[in-house]
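The values are calculated or read from the model by the stated rules, or taken from the named source; none is laboratory data. None of the values given here were measured: they were computed from a predicted structure. Reconstructed Cβ throughout: ideal geometry from the backbone, glycine too, with neighbour counts over all protein chains shown. Keep in mind that these areas ignore ligands, DNA and RNA; they rest on the heavy atoms of the full protein, side chains included. Shrake-Rupley method; radii C 1.70, N 1.55, O 1.52, S 1.80 Å.
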Amino acid sequence: MKQLVLLLLIIGIGLSSCEGRKTQNQALSESIEEFKKTVNFETNIYIPETYIEQEVDTLMSNGFRVKIKTYSDLSNAVRFSKIKDTINYQTHYRNFKFDISISKDDKEIYNESFDKQKINKVFKYNTNLFSGSDLYNFNTLAVLKSINVNDDPSYKNMVLIDIMYAIPESDKYATHRLFIDNNGKSNVVQTEVK
């Protein structure tokens, strides 16, 4: 009997001395979670990093001379965010402006400058498109991917310029063809959307 009382006394003391403390691993895990909630690190990446300018001067087989100047717009960019392990990665894709000058027989027939706002109007990228539309969010998220002179020999009295806009970090893009006739009149046709 004495042994049973002694055993119960030892168990009682053992149970009453338990404080319910957390283990070191539990305390460390909770501390890390609390740290993640309170601390935010942000990394900004710009594509392209600095100002870029490119000029193309093309003499076409049909006698037109086409000059295209493309340059990054440092004050206008599209931002994408990704959070990974408490770091907020902010990627800024800069928009581009471009100037197109066309001459025929040493006479300038077309000279236009384009920025993102003008492209939105010309290519009909607007805010009232529904979310299932092919061009949804192109007005805010699409950036210039390429601009090329198309020297199609079947167009003898015209200049064709292919322009592609795409939404970064996605597979969405739209291509348009700008037609400029020998009088300097222009027309835009959408050629592909994905």
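Return the pair list, or none, for Cβ contacts closer than 7 Å from residues in segment 47-73 that are farther than 11 Å from Lys97 by Cα to residues that are in a loop (DSSP other than H, G, I, E, B) and of a type in the set (Lys, Arg), at least 6 apart or on different chains.
Asn62/Lys156
Looking only at residues that are of a type in the set (S, T, N, Q) and modelled with pLDDT of 90 or more in segment 184-193, which one is farthest from Tyr110 (Cα to Cα)?
Asn187
So which residues in segment 143-173 are in contact with a Lys or Arg (Cβ under 8 Å, 6 or more places away or on another chain) and farther than 18 Å from Ser113 by Cα?
Selection gives Asn150, Ala166, Asp171, Lys172, Tyr173.
Condition first: in contact (Cβ under 8 Å) with a residue 40 or more places away in the chain and open to solvent by less than 60 Å² (accessible area, probe 1.4 Å). Now tell me which residues in segment 118-141 satisfy that.
Those that are in contact (Cβ under 8 Å) with a residue 40 or more places away in the chain and open to solvent by less than 60 Å² (accessible area, probe 1.4 Å): Ile119, Val122, Phe123, Tyr125, Leu135, Leu141.
Take the residues in segment 142-155 that are of a type in the set (A, V, I, L, M, F, W, C) and open to solvent by less than 40 Å² (accessible area, probe 1.4 Å); name whichever of them is farthest from the chain's Cα centre (by Cα).
Selected residue: Ile147.
Looking only at segment 67-102, which residues are open to solvent by 40 Å² or more (accessible area, probe 1.4 Å), at pLDDT below 90, over 14 Å from the mean Cα position of the chain (by Cα) and not basic (Lys, Arg)?
Those that are open to solvent by 40 Å² or more (accessible area, probe 1.4 Å), at pLDDT below 90, over 14 Å from the mean Cα position of the chain (by Cα) and not basic (Lys, Arg): Ile83, Asp85, Ile87.
Looking at Leu178, is it at pLDDT below 90, open to solvent by less than 40 Å² (accessible area, probe 1.4 Å) and either in contact with an Asp or Glu (Cβ under 6 Å, 6 or more places away or on another chain) or not polar (S, T, N, Q) (or both)?
Criteria not met by Leu178.
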